[in-house]
């Protein structure tokens, strides 16, 4: 008897996610609490510690504070747009002045946005379109995050 497609999808998601085990801390920046918490859960399930911030200004300030205390991040994930706050594009420009090597990813529901189509042109390592699965997230991190 064939299994339902949703069971097959869940198993394949778990298999792909299981291949990548991360370490270190990833900063997640999104103005929506539900997105921050979902991303935190995904990242923790594959081995990362997670720090969440609501906008780019908080993230940049926290990054400066933490790196000044010799604490490092494995990567950063920024929402592209944050109404009333500093979004990913502005924040990554400031991060890149401080660190050209850290993996910085951009996420958005707007897949046709030029930043999402060409993230490297804007200082990002890669982009991932919302909604995404843990398998897609794991694959991106496995490709770009070392250590």
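Read-outs: derived from the displayed coordinates by stated rules, not from any lab. This one's a predicted model, so the numbers in the text were calculated from it and none came from an experiment. Cβ sites come from the backbone with ideal geometry, for glycine too, and all protein chains shown count toward neighbours.
Within region 32-60, restricting attention to residues that are in contact with a strand residue (DSSP E or B) (Cβ under 8 Å, 6 or more places away or on another chain), in contact (Cβ under 8 Å) with a residue 24 or more places away in the chain and assigned to a helix (DSSP H, G or I), the residue that is nearest to residue 76 (Cα to Cα) is 59.
Selection of region 85-104 for residues being out of contact with any helix residue (DSSP H, G or I) (no Cβ under 9 Å at 6 or more places or on another chain) and either crowded, with 17+ Cβ neighbours inside 10 Å or more than 25 Å from residue 139 (Cα to Cα) (or both) yields only 97. Restrict the check to region 117-137 and report whether at least one residue is without any contact (Cβ under 8 Å) to a residue 12 or more places away in the chain, surrounded by 15 or more Cβ atoms within 10 Å (Cβ to Cβ) and either more than 21 Å from residue 31 (Cβ to Cβ) or touching a strand residue (DSSP E or B) at 6+ places or on another chain (Cβ under 9 Å) (or both). Yes, the conditions are met somewhere in region 117-137.
Given the structure, is residue 21 in a loop (DSSP other than H, G, I, E, B) and surrounded by fewer than 21 Cβ atoms within 10 Å (Cβ to Cβ)? For residue 21, the condition - in a loop (DSSP other than H, G, I, E, B) and surrounded by fewer than 21 Cβ atoms within 10 Å (Cβ to Cβ) - is met.
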